[in-house]
Amino acid sequence: MTHANAVTCLGGEQTTLQPFDTPAPGPGELLLDLRVVGFCGTDMFKLVTGAAAPGTVLGHEIVGEVAAIGPGVEGFAPGDRVAVPHHVPCGECALCRRGAETMCDTFRENLLFPGGFADRILVRPRATAQAAQKLPDHVSDEAAVFLEPGACVLRSVHKGELPREGGLAVVQGGGSMGLLHLLIIRAALPGTKVLVVDPVAERMELAVSLGAAAAAPPGEAAQAAVGELSEGLGADAVFDTVGGAGPLRAALTLSRQGGTVVLFAHAGPDEPADFPINDLFKFERRIVGAYSGALGEQREVFDLLRSGALDPTPLVTHRLPLDRFAEGVELVRQRKALKVLYTPSNGKDRD
């Protein structure tokens, strides 16, 4: 048994840093010392909605250093840097066989104990065997921490069914996940033009500096930009990273006939969609959801990171120790941060 600090939910939005017992790794398991962990929009959603039960340790975008190896583990050694997502599908159920791995009941199991916001993390056997990636020296912690969110975004991009060349993608929202859409589209489909829609001038400027063909605020300006970039056709795919009925309506108006809208954000609890159904039916548009990333997307993103085609590090704006967890949450809430990475707590106590 090892002892380390973890950010533990108390109910609602309240958290505290407290000691947590982590067992020694069993067969097929890895024990990691935290290097960095990303703060995700899902973490914020669970805190704001009170969905995290008291005692929960959130966090799932991790890079760690191998501290100990369980019996039977091969390919890893103490001191290796490792990035590992927290979800792995069973690969055998009817949903997995139909390509819906992220809907698999087994996939929903969190394979990181106690969670990513901890100084030490136990990686369960299925994640160790199938999802953990040993990092080469040239891939930084700051880049590798985007393996899991990058896989979620890549699945979203796949669902958009963009053309290989000459397409137009619109990304609604210039936050960390919206800009990660931009970077992954540019890496995976370099012939695609991307328009980022966001009301904040600084984020529009950042989007253009990261390779967007243009950026515009929502409304008439976005409509005009889509018309110009597509020669009046409309966007092949619109990726909504904002969420809610209003952004969905806007996404449909920006998409071309036969185009796709990909929902990549939570709406309000029980919030219904509100748009003219004939705008979908008569013009053969599609609305699809993109929830997470399966093993295939995880491996594809790792390849993009390893090759250098994808560099998400410009999205990192803050690094804070776990002791200052609430400060990072507030920075994100006030839109003063894009991507917050947490490092081990200053008072970490390991033995």
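What follows is calculated from the coordinates using simple rules that are stated; it is not laboratory data. Note that the structure is predicted; figures quoted are calculated from it, not measured. Neighbour counts run over all protein chains shown; Cβ positions are idealised from the backbone, glycine included.
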Please give, to one decimal in nm, the separation of the simple spin-label points placed at Ala309 and Arg333, each 7 Å out from Cα toward the Cβ.
-> 4.0
Are any of the pairs Lys46/Lys193; Lys134/Lys336; Lys134/Lys339 more than 26 Å apart by Cα-Cα distance, and if so, which?
-> Lys46/Lys193; Lys134/Lys336
Could you work out the equivalent-ellipsoid semi-axes for the stretch 69-199, taking the square root of 5 times each eigenvalue of the Cα gyration tensor, largest first, in whole Å?
-> 30, 19, 14
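Would you mind computing the Rg to Rh ratio of the stretch 2-84 from its alpha-carbon coordinates, Kirkwood style for Rh? If you can, show how the numbers build up before the last one.
Values: Rg = 14.5 Å, Rh = 14.1 Å.
That ratio is 1.03, to two decimals.
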For helix 176-188, what angle does its Cα long axis make with the longest principal axis of the chain, in degrees from 0 to 90 and rounded to 10?
-> 80
Rounded to the nearest 10 degrees, what's the angle between the helix 147-160 long axis and the longest principal axis of the chain, both from Cα atoms, 0 to 90?
-> 30
Equivalent ellipsoid, the stretch 128-173 (semi-axes from 5 times Cα gyration tensor eigenvalues, Å) = 27, 13, 11
FRET efficiency for Ala129 and Ile277, using Cβ-Cβ distance with R0 set to 35 Å, rounded to 0.05 | 0.15
Semi-axes of the chain's equivalent ellipsoid from the Cα gyration tensor, sqrt of 5 times each eigenvalue, largest first, rounded to whole Å?
-> 36, 21, 19
Cα centroid of the stretch 40-62 to Cα centroid of the stretch 273-291, whole Å | 30
Can you give the three extents of the C-alpha atoms in the stretch 153-289 along their principal axes, from longest to shortest, in whole Å?
-> 36, 30, 29
If you average over every viewing direction, what projected area does the convex hull of the Cα atoms of the stretch 265-351 give, in nm²?
-> 10.8
Can you give the helix-only mean residue ellipticity at 222 nm for the chain, where every DSSP H stretch with n ≥ 4 adds -39500 (n - 2.57) and the sum goes over all residues, rounded to the nearest 500 deg cm²/dmol?
-> -8500 deg cm²/dmol
Using alpha-carbon coordinates, inclination of helix 295-307 to the longest axis of the chain, degrees = 90
